[in-house]
Structures are given as structure tokens and as C-alpha cells.
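The structure appears right after this line, and notes come after that.
The numbers here are math on the coordinates, done by the rules we state, and not lab data. From a predicted model like this one, the values you see are computed outputs, not experimental measurements. All Cβ positions, glycine included, derive from the backbone under ideal geometry; neighbour counts span all protein chains shown.
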């Protein structure tokens, strides 16, 4: 299975946070799945770290890159069609990062691992 991790799912996985659901933990830990983290999530992590809203155990640039490699998570670039697809989405969610993740999941035909109930309002498969 191919799956897109929401930013919090990635952060909860790499920090072993108990908020990560058992189902999400199972999907991430199964070696046969192809997991992706959007470049938009990298941007969100950088912004939150800059604002002091996110504390990671090391400098974010090497830390996030190492965690992607260690956990066999592939970066998913943001393409123009992903960005423009946001225009077609109903306005259920005001968070621009999450709206972009929904657009990517729809266009790439993959579920999103997320605890966000607003994302579940969109026509996209949510695993949690």
C-alpha cells in the first residue's frame, strides 16, 4: 500500500508519541508499505520550529532527512497540479497545509494517515 503521512503522524511516529493510533503505527511499521511525507509537511515543520511551537531533538534539516531515511519514508514533492487541485476542494478545512495534503492524496490515489477529523470530510481515504 502507498500512504501519505500527515505532519503530526510523522512527528508522532519519530518521537514514539502515544497519540499515534495503533492502526497508523501498524501501517507505518509494516515494511511492505510505501510511505510518503509531503514537502508541504517539511515546510510546516520548519515554520513551527521557527516559531518555537515544535521542539525536535536535533537541528531539523539533518534530523528530518535522517528520519525519512531511517523509516523508509519518501519525500513527496509538491507539483503544480497538486497546488492547483486545492482550488477544487470544498472549504471544509482552513489549514492550507492540510488542504494541500488532501489534494496530493487525491491526485496520487493514496490514503492519508491522520487524526484530523476535518480531513475525513473530504473524499479521500483516511487511516487512523
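Things worth noting here:
- Correct choice for P(r) over Cα pairs in 5 Å bins from 0, in percent that was computed from the model, options [x] 2, 13, 24, 28, 22, 9, 2, 0; [y] 2, 11, 19, 21, 18, 14, 9, 5, 1, 0; [z] 2, 11, 22, 24, 22, 13, 5, 0: [z]
- Segment 2-121, relative contact order [Cα under 8 Å, separation at least 6], %: 36 percent
- Our note on the geometry: Cα centres of segment 1-74 and segment 77-103, 19 Å apart.
- Sorted fewest first by neighbouring Cβ atoms within 10 angstrom, 15, 114, 88 come out as 88, 15, 114.
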